[in-house]
1. Put 25, 31 in order of accessible area, largest first, 1.4 Å probe: what do you get?
2. Assuming 0.36 nm per residue, please report the length gained on full extension of the stretch residue 68 to residue 191 beyond their Cα-Cα distance.
3. Label points 7 Å out from Cα along the Cβ direction at residue 42 and residue 133: separation in nm?
4. With respect to the cross-link table entries 101/199; 159/200; 39/101, which display a Cα-Cα separation exceeding 26 Å?
5. If I stretch the segment between residue 56 and residue 211 completely, what's the gain in nm (0.36 nm per residue apart, minus their alpha carbon distance), one decimal?
6. Give me the one-decimal nm value for the distance between modelled label points at residue 219 and residue 164, 7 Å along each residue's Cα-to-Cβ direction.
7. Of the DSSP beta bridges with both residues in the chain, give the percent that are antiparallel, rounding to the nearest 5.
8. Kindly state, to the nearest 0.05, the FRET efficiency for residue 203 paired with residue 105, given R0 = 41 Å and r defined as their beta-carbon distance.
Amino acid sequence: MRILVVEDEVRLARHIASALIESGHDPVVIHDGEEGLQKAGDESFDLIVLDVGLPRMDGFEVLRRLRSRHVTSRVLMLTARGDLKDRVAGLQLGADDYLAKPFAMQELIARVRALGRRYAEEPALILRVGDLTLHLASHDVYRGARLIELSTRELMLLKVLMREPGRVFTRTELCERVWEHEHEYDTKLVEVFIGRLRKKIGNPPLIRTVRYVGYTIHEATSAC
């Protein structure tokens, strides 16, 4: 993939670029928010690795402006901020994934690889499964014409499922996608949130339990 790396820590940016090159990607490195915004708007990138704490313009503002200009490149945000509200802010602005600093370079490469598999084609601005729609820019969720009110956790969980309809996610995998720290969750908690989502989404059911494995979402499933 052609990847734009927007990171003001020069040494870290070099390490990221080297790891991406070794993995077969084509990285371009920028150290400034405003310059990163211009580069991402002027050229086409499959993925943008975007730091939050950038000079002149922070990563949140860069992302907001990119999405307002309908730039649909996948975005992996790098942040030293651990608060849930900061992670959610990035996701609500249109980020596809986040990675908290400090991180192992192998994990970054794994996230990049996963995003490449997940979005081999240009990502859509609206996710659809049957008559269920999730608007990535506003995070509004509709079942037909009915607006569904979801909590932050429910929304993040639904977004993970709807990104890859038909894929079976294990309970542990969903935990790792939605909760950052291991002490914040257990697999029983996923069952609780899946139950809430099913109730709010309504019938016919779309989220299916795969016994002994986990959960998947696709159109016209039977109740389970």
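The values are calculated or read from the model by the stated rules, or taken from the named source; none is laboratory data. All values derive from a computational prediction rather than experimental measurement. Don't worry about glycine lacking a Cβ; one is built from the backbone with ideal geometry, like all the others, and counts go over all protein chains shown. Remember, those area values only see protein heavy atoms, side chains included, never the ligands or the DNA or RNA. Shrake-Rupley method; radii C 1.70, N 1.55, O 1.52, S 1.80 Å.
1. 31, 25
2. So the chain would gain 40.7 nm between residue 68 and residue 191.
3. Going by the 7 Å Cα→Cβ label model, 3.6 nm.
4. Table pairs above 26 Å Cα-Cα are 101/199.
5. Taking residue 56 through residue 211 to full extension adds about 50.7 nm, to one decimal.
6. It is 2.1 nm.
7. Here the share of antiparallel DSSP bridges comes out near 45 percent.
8. Once rounded, the FRET efficiency stands at 0.35.
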